[in-house]
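In what follows, a structure is listed as C-alpha coordinates, so that the remarks can point back to it.
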Amino acid sequence: MSFYLSKILWIIFNPFNILLFLIFLGFILSFFSNKFFSKIIYFFTLVFFIIIAVLPTGKFMIYQLEKNFHTSGTLPNKIDGILILSGGTNHLMTKEHNQLSLNDSVERLTESIQLMNKYSKAKIIFSGGSELLSNPKTTHSEVAKLFFTIFATKFNNIIYENKSRNTYENILFSKKIANPRTNENWLIVTSAYHMPRSLNIAEKLEWNFIPYAVDFQIEKKFSWKPKINNLLFANYFLSNINKFEMASREWIGLIAYYWMGQSSKIL
(Lines give C-alpha, C1' and ligand atoms only; values in the text may rest on other atoms or scores of the structure.)
Protein backbone atom coordinates (compact mmCIF):
# COMPACT_ATOMS: atom_id res chain seq x y z
CA MET A 1 0.00 0.00 0.00
CA SER A 2 2.77 2.46 0.95
CA PHE A 3 4.54 1.78 -2.36
CA TYR A 4 1.52 2.87 -4.42
CA LEU A 5 0.72 5.79 -2.10
CA SER A 6 4.25 7.19 -2.51
CA LYS A 7 3.86 7.04 -6.30
CA ILE A 8 0.55 8.91 -6.15
CA LEU A 9 1.92 11.58 -3.80
CA TRP A 10 4.89 12.19 -6.09
CA ILE A 11 2.64 12.69 -9.12
CA ILE A 12 0.63 15.28 -7.19
CA PHE A 13 3.51 17.16 -5.55
CA ASN A 14 6.12 16.91 -8.32
CA PRO A 15 7.19 20.58 -8.68
CA PHE A 16 7.45 20.35 -12.46
CA ASN A 17 3.89 19.00 -12.61
CA ILE A 18 2.73 21.86 -10.38
CA LEU A 19 4.42 24.42 -12.63
CA LEU A 20 2.79 22.96 -15.74
CA PHE A 21 -0.58 22.85 -14.00
CA LEU A 22 -0.37 26.52 -13.02
CA ILE A 23 0.56 27.55 -16.57
CA PHE A 24 -2.26 25.44 -18.01
CA LEU A 25 -4.78 26.80 -15.48
CA GLY A 26 -3.77 30.38 -16.27
CA PHE A 27 -4.21 29.71 -19.99
CA ILE A 28 -7.68 28.18 -19.46
CA LEU A 29 -8.82 31.13 -17.36
CA SER A 30 -7.50 33.55 -20.00
CA PHE A 31 -9.32 31.60 -22.71
CA PHE A 32 -12.61 32.06 -20.87
CA SER A 33 -11.90 35.81 -20.47
CA ASN A 34 -11.42 35.53 -16.71
CA LYS A 35 -8.49 37.95 -16.74
CA PHE A 36 -8.55 38.75 -13.01
CA PHE A 37 -8.05 35.15 -11.86
CA SER A 38 -5.69 34.37 -14.72
CA LYS A 39 -3.44 37.24 -13.61
CA ILE A 40 -3.46 35.86 -10.06
CA ILE A 41 -2.51 32.39 -11.34
CA TYR A 42 0.26 33.80 -13.53
CA PHE A 43 1.55 35.82 -10.58
CA PHE A 44 1.80 32.68 -8.43
CA THR A 45 3.39 30.87 -11.36
CA LEU A 46 6.07 33.56 -11.57
CA VAL A 47 6.69 33.42 -7.82
CA PHE A 48 6.91 29.63 -7.93
CA PHE A 49 9.33 29.81 -10.87
CA ILE A 50 11.56 32.24 -8.99
CA ILE A 51 11.58 29.93 -5.96
CA ILE A 52 12.47 26.75 -7.85
CA ALA A 53 14.52 28.08 -10.78
CA VAL A 54 16.09 31.46 -9.96
CA LEU A 55 16.90 30.84 -6.30
CA PRO A 56 18.94 27.77 -5.26
CA THR A 57 16.08 26.58 -3.04
CA GLY A 58 16.43 22.95 -4.05
CA LYS A 59 20.16 23.02 -3.34
CA PHE A 60 19.47 24.40 0.12
CA MET A 61 16.94 21.62 0.77
CA ILE A 62 19.51 19.01 -0.25
CA TYR A 63 22.19 20.76 1.81
CA GLN A 64 20.00 20.36 4.90
CA LEU A 65 19.90 16.61 4.29
CA GLU A 66 23.61 16.23 3.60
CA LYS A 67 25.24 18.55 6.12
CA ASN A 68 25.31 16.07 9.02
CA PHE A 69 27.46 13.73 6.91
CA HIS A 70 30.07 16.23 5.73
CA THR A 71 32.47 14.99 8.38
CA SER A 72 32.64 11.23 8.42
CA GLY A 73 33.54 9.69 11.75
CA THR A 74 36.23 7.09 12.26
CA LEU A 75 35.04 3.67 11.24
CA PRO A 76 35.58 0.80 13.69
CA ASN A 77 38.28 -1.78 13.00
CA LYS A 78 35.70 -4.55 12.77
CA ILE A 79 32.61 -4.37 10.57
CA ASP A 80 30.26 -7.34 10.58
CA GLY A 81 28.17 -6.35 7.59
CA ILE A 82 27.61 -3.80 4.84
CA LEU A 83 24.21 -2.98 3.37
CA ILE A 84 24.34 -1.27 -0.03
CA LEU A 85 21.12 0.39 -1.15
CA SER A 86 20.26 0.45 -4.85
CA GLY A 87 20.25 3.67 -6.80
CA GLY A 88 23.40 3.63 -8.90
CA THR A 89 22.11 1.28 -11.57
CA ASN A 90 19.79 1.60 -14.56
CA HIS A 91 18.11 -1.77 -14.93
CA LEU A 92 15.91 -0.70 -17.84
CA MET A 93 18.78 0.40 -20.10
CA THR A 94 20.90 -2.55 -19.03
CA LYS A 95 18.17 -4.90 -20.21
CA GLU A 96 17.38 -2.84 -23.33
CA HIS A 97 20.94 -2.66 -24.66
CA ASN A 98 22.38 -5.78 -23.02
CA GLN A 99 25.26 -3.86 -21.46
CA LEU A 100 26.02 -2.43 -18.04
CA SER A 101 24.21 0.91 -17.52
CA LEU A 102 24.86 3.09 -14.47
CA ASN A 103 23.75 6.57 -13.37
CA ASP A 104 24.86 9.59 -11.34
CA SER A 105 24.68 7.66 -8.04
CA VAL A 106 27.26 5.08 -9.08
CA GLU A 107 29.36 6.01 -6.01
CA ARG A 108 27.11 3.65 -4.06
CA LEU A 109 28.82 0.85 -5.98
CA THR A 110 32.36 2.18 -6.44
CA GLU A 111 32.79 3.19 -2.80
CA SER A 112 31.42 -0.18 -1.73
CA ILE A 113 34.33 -1.93 -3.43
CA GLN A 114 36.76 0.00 -1.23
CA LEU A 115 34.76 -0.97 1.85
CA MET A 116 34.68 -4.62 0.81
CA ASN A 117 38.45 -4.57 0.35
CA LYS A 118 38.91 -3.03 3.78
CA TYR A 119 36.43 -5.31 5.54
CA SER A 120 36.94 -8.54 3.62
CA LYS A 121 35.22 -10.71 6.26
CA ALA A 122 32.04 -8.62 6.45
CA LYS A 123 28.72 -9.93 5.18
CA ILE A 124 27.69 -7.94 2.08
CA ILE A 125 24.07 -7.34 1.06
CA PHE A 126 23.01 -5.37 -2.00
CA SER A 127 19.33 -4.48 -1.82
CA GLY A 128 17.30 -3.47 -4.85
CA GLY A 129 14.39 -4.88 -6.79
CA SER A 130 12.49 -2.60 -9.16
CA GLU A 131 10.56 0.60 -8.55
CA LEU A 132 8.26 0.00 -11.54
CA LEU A 133 4.53 -0.49 -11.05
CA SER A 134 4.37 -3.20 -13.72
CA ASN A 135 6.24 -6.49 -13.52
CA PRO A 136 9.90 -5.70 -14.30
CA LYS A 137 11.98 -7.81 -16.67
CA THR A 138 15.09 -7.13 -14.61
CA THR A 139 16.08 -5.61 -11.25
CA HIS A 140 18.72 -3.32 -9.79
CA SER A 141 20.26 -6.33 -8.05
CA GLU A 142 20.87 -8.04 -11.38
CA VAL A 143 22.73 -4.98 -12.68
CA ALA A 144 24.72 -4.69 -9.45
CA LYS A 145 25.69 -8.35 -9.73
CA LEU A 146 26.95 -7.67 -13.25
CA PHE A 147 28.91 -4.64 -11.98
CA PHE A 148 30.58 -6.50 -9.11
CA THR A 149 31.32 -9.47 -11.36
CA ILE A 150 33.26 -7.14 -13.67
CA PHE A 151 34.94 -4.82 -11.16
CA ALA A 152 35.11 -6.85 -7.93
CA THR A 153 35.73 -10.37 -9.14
CA LYS A 154 37.08 -11.71 -5.86
CA PHE A 155 33.84 -10.92 -4.01
CA ASN A 156 31.58 -13.78 -5.02
CA ASN A 157 29.72 -14.06 -1.72
CA ILE A 158 27.58 -10.91 -2.04
CA ILE A 159 23.93 -11.50 -1.16
CA TYR A 160 21.48 -9.86 -3.58
CA GLU A 161 18.05 -8.92 -2.26
CA ASN A 162 15.83 -8.39 -5.33
CA LYS A 163 12.24 -8.11 -4.05
CA SER A 164 12.26 -4.62 -2.51
CA ARG A 165 10.60 -1.71 -4.34
CA ASN A 166 11.43 1.20 -2.05
CA THR A 167 13.72 2.16 0.83
CA TYR A 168 11.48 0.74 3.53
CA GLU A 169 11.42 -2.64 1.82
CA ASN A 170 15.19 -2.41 1.16
CA ILE A 171 15.88 -2.38 4.88
CA LEU A 172 12.99 -4.63 5.96
CA PHE A 173 13.84 -7.46 3.56
CA SER A 174 17.58 -7.09 4.12
CA LYS A 175 17.15 -7.38 7.88
CA LYS A 176 15.39 -10.71 7.42
CA ILE A 177 18.40 -11.90 5.40
CA ALA A 178 21.06 -10.46 7.72
CA ASN A 179 19.41 -11.35 11.02
CA PRO A 180 21.77 -8.88 12.74
CA ARG A 181 22.70 -9.22 16.40
CA THR A 182 22.58 -6.21 18.71
CA ASN A 183 26.35 -6.18 19.19
CA GLU A 184 27.20 -6.25 15.47
CA ASN A 185 28.57 -3.28 13.52
CA TRP A 186 26.78 -2.72 10.23
CA LEU A 187 27.50 -0.05 7.63
CA ILE A 188 24.81 1.34 5.34
CA VAL A 189 25.91 2.82 2.01
CA THR A 190 23.66 5.26 0.18
CA SER A 191 23.60 8.81 -1.19
CA ALA A 192 24.15 11.52 1.43
CA TYR A 193 20.80 13.22 0.76
CA HIS A 194 19.05 9.84 1.07
CA MET A 195 20.83 8.87 4.30
CA PRO A 196 18.43 10.57 6.80
CA ARG A 197 15.42 8.66 5.47
CA SER A 198 17.37 5.39 5.43
CA LEU A 199 18.55 5.80 9.02
CA ASN A 200 15.07 6.80 10.22
CA ILE A 201 13.57 3.69 8.66
CA ALA A 202 16.32 1.49 10.12
CA GLU A 203 15.73 3.01 13.57
CA LYS A 204 12.02 2.20 13.27
CA LEU A 205 12.90 -1.38 12.31
CA GLU A 206 15.37 -1.57 15.23
CA TRP A 207 18.50 -2.06 13.13
CA ASN A 208 21.43 0.14 14.07
CA PHE A 209 23.72 1.34 11.29
CA ILE A 210 26.90 3.31 10.93
CA PRO A 211 26.23 5.69 8.00
CA TYR A 212 28.62 5.73 5.05
CA ALA A 213 27.35 8.60 2.90
CA VAL A 214 28.37 8.90 -0.76
CA ASP A 215 27.19 10.74 -3.88
CA PHE A 216 27.20 14.25 -2.35
CA GLN A 217 25.28 16.80 -4.45
CA ILE A 218 26.08 20.13 -2.74
CA GLU A 219 29.30 21.82 -1.61
CA LYS A 220 30.03 22.00 2.12
CA LYS A 221 29.65 25.78 2.12
CA PHE A 222 26.21 26.73 0.84
CA SER A 223 25.39 30.21 -0.44
CA TRP A 224 22.02 31.66 -1.43
CA LYS A 225 23.72 34.21 -3.66
CA PRO A 226 23.41 33.16 -7.32
CA LYS A 227 26.37 33.78 -9.57
CA ILE A 228 25.49 36.60 -12.00
CA ASN A 229 27.28 34.94 -14.91
CA ASN A 230 25.21 31.78 -14.46
CA LEU A 231 21.95 33.73 -14.69
CA LEU A 232 22.66 34.30 -18.38
CA PHE A 233 22.47 30.62 -19.22
CA ALA A 234 19.38 28.41 -19.38
CA ASN A 235 21.19 25.46 -17.78
CA TYR A 236 21.39 27.46 -14.53
CA PHE A 237 17.59 27.47 -14.26
CA LEU A 238 17.35 23.84 -15.37
CA SER A 239 19.93 22.84 -12.78
CA ASN A 240 17.99 24.59 -10.01
CA ILE A 241 14.73 22.98 -11.13
CA ASN A 242 16.40 19.56 -11.22
CA LYS A 243 17.81 19.99 -7.71
CA PHE A 244 14.45 21.25 -6.42
CA GLU A 245 12.73 18.20 -7.90
CA MET A 246 15.33 15.88 -6.34
CA ALA A 247 15.01 17.58 -2.96
CA SER A 248 11.20 17.62 -3.06
CA ARG A 249 11.09 13.89 -3.74
CA GLU A 250 13.28 13.18 -0.74
CA TRP A 251 11.47 15.54 1.63
CA ILE A 252 8.08 14.17 0.55
CA GLY A 253 9.49 10.70 1.23
CA LEU A 254 10.66 11.75 4.71
CA ILE A 255 7.23 13.14 5.59
CA ALA A 256 5.22 10.31 3.98
CA TYR A 257 7.24 7.50 5.60
CA TYR A 258 6.87 9.10 9.03
CA TRP A 259 3.14 9.68 8.45
CA MET A 260 2.70 6.01 7.47
CA GLY A 261 4.57 4.87 10.59
CA GLN A 262 7.53 3.47 8.64
CA SER A 263 10.22 5.76 10.05
CA SER A 264 11.08 7.06 13.51
CA LYS A 265 11.08 10.78 12.67
CA ILE A 266 11.04 13.23 9.77
CA LEU A 267 14.61 14.54 10.10
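The values are calculated or read from the model by the stated rules, or taken from the named source; none is laboratory data. Keep in mind that this is a model prediction, so the values were computed, not measured. No Cβ is skipped: glycine too gets one built from the backbone with ideal geometry, and neighbour counts run over all protein chains shown. Heads up: the accessible areas ignore ligands, DNA and RNA and are worked out on the full protein's heavy atoms, side chains in. Shrake-Rupley method; radii C 1.70, N 1.55, O 1.52, S 1.80 Å.
Okay, here's what the table says:
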read-out: Separation of the residue 237 and residue 179 label points, Cα + 7 Å toward Cβ, nm; value: 5.8
read-out: Sorted peptide list for 105-113, 86-94, criterion being average Cβ within 10 angstrom, highest first; value: 86-94, 105-113
read-out: Radius of gyration and Dmax over the Cα atoms of the chain, both given in Å; value: 20.8, 71
read-out: Per-peptide average of other Cβ atoms within 10 Å, ordering 32-40, 190-198 highest first; value: 190-198, 32-40
read-out: Theoretical gain in end-to-end length, residue 8 to residue 35 [0.36 nm per residue, Cα-Cα removed]; value: 6.5 nm
read-out: Accessible area in square angstrom per residue, the chain, 1.4 angstrom probe; value: 58
read-out: Net charge dipole size for the chain [Lys, Arg +1 and Asp, Glu -1 on Cβ; Debye, nearest 20]; value: 220
read-out: From phi via Karplus (6.51, -1.76, 1.60), per-residue ³J(HN,Hα) for the stretch 97-113 in Hz, x at Gly/Pro; value: 10, 6, 8, 4, 10, 10, 9, 5, 9, 5, 4, 4, 8, 5, 5, 5, 4
read-out: Backbone HN-Hα couplings from phi across the stretch 239-245 [Karplus 6.51/-1.76/1.60, Hz, Gly and Pro as x]; value: 5, 5, 5, 4, 5, 5, 5
read-out: Nonlocal amide H pairs with residue 187, under 5 Å, H built at 1.01 Å; value: 81, 82, 83, 210
read-out: Length gained when the stretch residue 106-residue 224 is fully extended (0.36 nm per residue, less Cα-Cα span); value: 39.7 nm
read-out: Relative contact order of the stretch 126-198, defined on C-alpha pairs under 8 angstrom at six or more residues apart (%); value: 34
read-out: Highest-first arrangement of 47-59, 119-131, where packing means the average Cβ count within 10 Å; value: 119-131, 47-59
read-out: Residue-averaged [θ]222 nm for the chain, counting only DSSP H segments that reach four residues, each worth -39500 (n - 2.57); value: -16000 deg cm²/dmol
read-out: Linear extension gain, residue 68 paired with residue 93, 0.36 nm per residue minus alpha-carbon span; value: 5.6 nm
read-out: DSSP beta bridges in the chain [antiparallel fraction, %, rounded to 5]; value: 5
read-out: Length-normalised contact order for the chain - Cα pairs under 8 Å, 6+ apart - percent; value: 26
read-out: Relative contact order (%) - criterion: Cα under 8 Å, at least six apart; region: the stretch 140-267; value: 24
read-out: Proximal lysines relative to residue 121, as straight alpha-carbon distance under 22 Å, when same-chain residues fewer than 8 apart are discounted; value: 78, 145, 154, 175, 176
read-out: Share of carbon and sulfur in the accessible heavy-atom surface of the chain [1.4 Å probe, %]; value: 59
